[in-house]
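Reading through the structure tokens given below for one structure.
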Amino acid sequence: MVRRLEEGETVSELKSGGGRSLLMAGVAAVGASLCCVGPLLLLSLGVGGAWIGGLTALEPYRPIFIGITLLFLWLAFRRLYLVPEICRQEALCAKPAVRRNQRILFWVVTVALGLLITFPWYGVLLLG
């Protein structure tokens, strides 16, 4: 779904293939999982103490972060699969291998984000 520009044609803005959306989705997912994964990470690094129980300050904002994560994942999916990309013939985005790598990275990030978002449910089973 890549449309190559012929000689003499111009494009006001070349699209990057959803890389920025993937990055924003990752940031939002990390924010969504901080309340659950953060204390576990600190405990695994040997940090302890009663103050670790107070790290749930971001819990009320978790649904907002999850919503932002899903929004950016949808935008990245839309850019990679639904919107035809317009780029110059010699541009990097015209190479099929680049698009394939972007799609592979999208699915790897999506699985990782899914694991982070669902951690409160399966984390209970892992931690006993």
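On the basis of being of a type in the set (Val, Ile, Thr), at pLDDT 80 or above and within 23 Å of ALA28 (Cβ to Cβ), does VAL98 make the cut?
The answer is no for VAL98.
Criterion first (assigned to a helix (DSSP H, G or I), surrounded by 15 or more Cβ atoms within 10 Å (Cβ to Cβ) and at pLDDT below 80) does LEU40 satisfy it?
It is true that LEU40 is assigned to a helix (DSSP H, G or I), surrounded by 15 or more Cβ atoms within 10 Å (Cβ to Cβ) and at pLDDT below 80.
Looking at GLN89 and the list (1) under 12 Å from the mean Cα position of the chain (by Cα); (2) touching a residue at least 24 places away in the same chain (Cβ under 8 Å), which single condition is not satisfied?
(1)
Looking only at segment 88-128, which residues are in contact with a strand residue (DSSP E or B) (Cβ under 8 Å, 6 or more places away or on another chain) and either outside any helix (DSSP H, G or I) or exposed (fewer than 10 other Cβ atoms within 10 Å of the Cβ) (or both)?
ARG88, GLN89, PRO96
The values are calculated or read from the model by the stated rules, or taken from the named source; none is laboratory data. On a predicted model such as this, the values are computed, not experimentally measured, just so you know. With ideal geometry, Cβ positions are generated from the backbone for all residues, glycine too; neighbour counts draw on all protein chains shown.
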